[in-house]
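These notes concern the structure reproduced below.
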Amino acid sequence: MRRRSKMRVKRKMFSILKEEAYLYDRPTKIILRAKRKHPNHLPEEIENIIIHYRKKTGFGKRRLNYHIYDKEKIYIPESTIGKVLKRRNLVRKKRRIKRKRTKRYNWDALYPFQALQVDVKEILDSGTLPSHIYKHLERSDLPIYQWTAIDVLNPH
């Protein structure tokens, strides 16, 4: 005695499997899957609003969020707008901008001490100095800044 096997299938496969079961004389009980319900599915008119403003303005999901709120007074989360755009193939690929690096110095044309790099540092800093050294520098007439000039051709 053969056992009947139960199969849960989608509706589009139902007719194919039913014909196949009759062809091979298999006693198969085919159970149709119930249609899925989406209670939080975005209404079609809101989706059409998103698509309309995307095609009209060319904005991305963030700017569309603000634009639709300004025009229609409808708040749609940014992530929802992004999912609708992705589902409808309206997402653009991000373009990378290649920039050429600018030359700072023409190293071959420079002479020694023609170009200097100058730094100024505040010595009197309570966060980096120990308290007894900080108090000593505060009391004495020592300068509170340090200047450093480095030749660009020979920084050593």
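There is no residue in the stretch 124-139 that is part of a strand (DSSP E or B) and either out of contact with any Cys (no Cβ under 9 Å at 6 or more places or on another chain) or among the hydroxyl-bearing types (Ser, Thr, Tyr) (or both).
Within the stretch 55-89, the set of residues being loosely packed, with under 15 Cβ neighbours inside 10 Å, under 21 Å from the mean Cα position of the chain (by Cα) and aromatic (Phe, Trp, Tyr) comprises just one member, 66. Residues of the stretch 89-125 that are of a type in the set (Lys, Arg) and in the same structural domain as residue 138 (by TED's automatic domain parsing): 121 alone. Looking only at residues in the stretch 127-153 that are in contact with an Asp or Glu (Cβ under 9 Å, 6 or more places away or on another chain) and among the polar types (S, T, N, Q), the one that is modelled with the lowest pLDDT is 146.
The values are calculated or read from the model by the stated rules, or taken from the named source; none is laboratory data. Being a predicted model, the structure only gives us computed values, none of them experimental. Every residue, glycine as well, gets a Cβ built from its backbone with ideal geometry; the counts of neighbours run over all protein chains shown.
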